[in-house]
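The values are calculated or read from the model by the stated rules, or taken from the named source; none is laboratory data. Only a predicted model underlies this, so the values are computations on that prediction, with no experimental measurement involved. Glycine also receives a Cβ, built like all others from the backbone with ideal geometry; neighbour counts cover every protein chain displayed. Note: accessible area is taken over every heavy atom of the protein model, side chains too, but ligands, DNA and RNA are not part of it. Shrake-Rupley method; radii C 1.70, N 1.55, O 1.52, S 1.80 Å.
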Amino acid sequence: MSLLVFAFALAVGILAMYLWNLKTKNNIRISWLSYLLIAVFIVWTGVGIMVVNSFIEEAVGTAITTSLMVFGITAIALLAIIWQVITRQNRAG
Amino acid sequence: MSNKEISRKQFLKGAAVTSGAAAAALAASSLSVSADSGTSVDYTKGKARDEMGTASVTRNLPEHFYKRIEPRAGYIGTTKVNGALEQFDAREHGFAQIVRRASSGDWEGEPGDWGPMLLAAVQEKKKVRAAASAEETEDYTWSGAFQIAMDRWHVNLRPGQWDPAPINSNKLELSPAEMTAKIKKVARWFGAEQVGICEITDDLKPYFYKKGRASGYYTAPHPDYADEGRDIPWPYPYKYCIVMGDIADPNTARAQRGPLVEASAKIACADSDFPPLYLESIIRTLGYDAKGSPFSDKDIIEAPIAVAAGIGELGRSGLVISPWGAHMRLSEVFTNMPLVPDKPMDFGLQDFCKACKKCADNCPAGAIDGSDEPSEQHVTAKVVKWAWDEKKCLSRRLAYGCSSCQTVCPWTKPDNMVHEIGRMLAKEKAFAPFLYKLDDFFYGREPAMHTSDEYAPWR
């Protein structure tokens with residue numbers, strides 16, 4: 001389990017580095033609002049993983065499905081909003 | 001260096017960031033308070049369980065889950081008591097009624113009395129078994145065998161059968177505070193997830209039987225069954241009661257009804273005989289008088305004693321509910337060892353039960369009162385609590401097996417980070433309506449039941 005967590009965190013770190021390099025290379029500007037939304041997305045996804053994992057341990061099917069939908073759909077929506085905010089800001093600028 | 005190459009500075013920066021993220025994630029996962037830290041047993045793969053069942057809770061009840069309240073006149077913990085009534089004869093409680101009537105064939109009584117209700121339950125049970133599939137029939141056969149396994153412990157530990165250890169003339173002299181801390185730690189080592197101590201005072205007299213059972217049978221029938229009973233003395237010869245709460249196996253209890261939950265409950269019942277007798281022998285060897293209370297040798301109605309000992313609060317269902325949940329089995333040992341009694345606890349259950357009503361909505365027998373507010377009930381005292389119809393409850397349990405109220409209770413949850421937050425919030429009155437609705441949202445107002453396929457040890 002610890003190995004899985006380590007591997008997952010490593011992958012997240014590599015992705016974060018790649019995105020940062022992309023931002024630097026393409027001079028993508030990110031406002032404080034976008035950073036805030038990114039932070040909310042990370043926290044929401046982290047909490048969602050915890051909640052879903054907890055329901056998987058309890059083996060409660062309805063709770064697993066419901067929590068996946070609630071946290072998953074909201075995370076996707078947040079991601080879309082972040083994408084749009086950054087895109088529009090850089091297009092305007 | 002070309003555009004595609006990575007500089008040494010970039011590489012080191014990248015490695016630092018990913019290592020930091022990985023370390024943080026690893027640290028966060030180790031902070032998880034789940035029992036899944038290598039000590040719990042996955043019985044679904046046929047592994048051995050520990051002697052007190054599969055523990056879903058391994059740590060002491062955190063202090064931020066509850067507050068201690070001062071004992072008050074006219075209250076047992078958070079439950080109001082308006083006066084004492086007559087003490088109870090244990091030979092009249094539901095389990096004893098089943099054994100006596102099934103053994104004698106006497107089902108006489110007015111409609112709504114024990115006799116006719118239990119007869120209807122027995123007949124319903126026969127119908128259920130006759131309609132069962134081959135697989136269900138085998139499940140009931142195993143469950144019945146588990147019941148007999150439990151019953152043999154009860155029979156062989158009935159009053160007069162147990163040979164207590166002699167009281168050692170050399171006393172282990174420790175301060176009451178130190179002795180209390182050590183005996184609680186020992187009780188937890190024997191498998192009790194919670195331990196509390198109360199002093200036996202006059203206001204607890206209504207909850208001591210006037211006559212206890214002498215028979216150890218909890219299954220029937222027995223052609224020569226008789227129970228002369230035994231007098232329970234008052235003043236009671238012991239000053240303190242050590243109450244132990246064993247959190248039951250959640251996965252088999254979540255079957256709610258049927259052979260799986262009956263097998264689970266019966267073995268938990270037998271398991272709860274051992275810690276009080278272990279402690280009795282230990283305390284007597286330490287030089288103090290003690291009497292353990294296995295299930296077939298009870299002198300008390302357990303719930304009020306457990307509430308006085310600070311184990312939990314009395315819930316709508318009539319069960320003693322702790323922040324760990326409603327699936328807690330109680331056992332006791334009485335002693336004159338100098339101890340420090342615990343104060344009762346308050347974790348907001350009364351306000352939560354007023355709003356929630358999930359046990360009442362899910363009770364297949366309709367035995368639990370669904371009113372908003374509790375009212376005065378006359379049992380062995382005038383207790384302000386929600387009404388519970390023991391005849392409906394036990395009749396249903398006899399016919400089908402049942403643990404619905406225990407397992408649908410929103411407090412009955414494993415110990416992990418998510419429910420840690422829930423337990424902390426739920427003790428505040430303002431959060432109660434939101435939290436039980438959240439429980440309904442994720443688990444359903446009528447939670448799904450676990451099946452024998454998934455969890456029965458014989459499958």
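Among the residues of region A:30-53, is any within 12 Å of chain B (Cβ to nearest Cβ), open to solvent by less than 70 Å² (accessible area, probe 1.4 Å) and small (Gly, Ala, Ser)? Yes, there is a match, as at least one residue in region A:30-53 is within 12 Å of chain B (Cβ to nearest Cβ), open to solvent by less than 70 Å² (accessible area, probe 1.4 Å) and small (Gly, Ala, Ser). Counting only helices (runs of 4 or more DSSP H) wholly contained in region B:197-310, the ones carrying 1 or more residues that are hydroxyl-bearing (Ser, Thr, Tyr) and in contact with a strand residue (DSSP E or B) (Cβ under 9 Å, 6 or more places away or on another chain) occupy B:274-285. Where helices (runs of 4 or more DSSP H) sit wholly within region B:77-158, those with at least 2 residues that are of a type in the set (Phe, Trp, Tyr), crowded, with 18+ Cβ neighbours inside 10 Å and under 25 Å from the mean Cα position of the chain (by Cα) occupy B:134-156. Which residues, counting only those in region B:433-455, are surrounded by fewer than 16 Cβ atoms within 10 Å (Cβ to Cβ), within 7 Å of chain A (Cβ to nearest Cβ) and in a helix (DSSP H, G or I)? Result: B:441, single match.
Here B:355, B:387, B:360 are screened, and the one residue that is closer than 15 Å to residue B:315 by Cβ, in contact with a Ser or Thr (Cβ under 9 Å, 6 or more places away or on another chain), surrounded by fewer than 18 Cβ atoms within 10 Å (Cβ to Cβ) and away from every other protein chain (no Cβ under 14 Å) is B:387.
In region B:192-226, of all residues being farther than 29 Å from residue B:103 by Cβ and in contact with a helix residue (DSSP H, G or I) (Cβ under 6 Å, 6 or more places away or on another chain), the one that is most open to solvent (accessible area, probe 1.4 Å) corresponds to B:195.
Among the residues of region B:408-418, are any under 15 Å from residue B:247 (Cβ atoms), within 14 Å of chain A (Cβ to nearest Cβ) and part of a helix (DSSP H, G or I)? Looking for residues that are under 15 Å from residue B:247 (Cβ atoms), within 14 Å of chain A (Cβ to nearest Cβ) and part of a helix (DSSP H, G or I), one finds none in region B:408-418, hence no. When B:459, B:423, B:397 are checked against the criterion of being charged (D, E, K, R), buried (at least 22 other Cβ atoms within 10 Å of the Cβ) and more than 14 Å from chain A (Cβ to nearest Cβ), a single residue qualifies: B:397. Pairing each residue of region A:59-85 that is more than 14 Å from chain B (Cβ to nearest Cβ) with any residue that is β-branched (Val, Ile, Thr), provided the two are 6+ apart or on different chains, yields C-beta distances under 8 Å for A:75/A:45; A:78/A:40; A:82/A:38. Per the conditions (1) within 13 Å of the chain's Cα centre (by Cα); (2) farther than 30 Å from residue B:440 by Cβ; (3) β-branched (Val, Ile, Thr), the sole criterion not satisfied by residue A:5 is (1). Every condition in (1) within 14 Å of another protein chain (Cβ to nearest Cβ); (2) modelled with pLDDT of 90 or more is met by residue B:43 except one, and the failing one is (2). Name the strands (runs of 3 or more DSSP E) wholly within region B:328-385 that hold at least 1 residues that are under 19 Å from the mean Cα position of the chain (by Cα)? It comes to B:328-335, B:381-385.
Of all residues in region B:427-455, those satisfying the criterion of being within 22 Å of residue A:64 (Cα to Cα) and small (Gly, Ala, Ser) are B:444, B:448, B:452.
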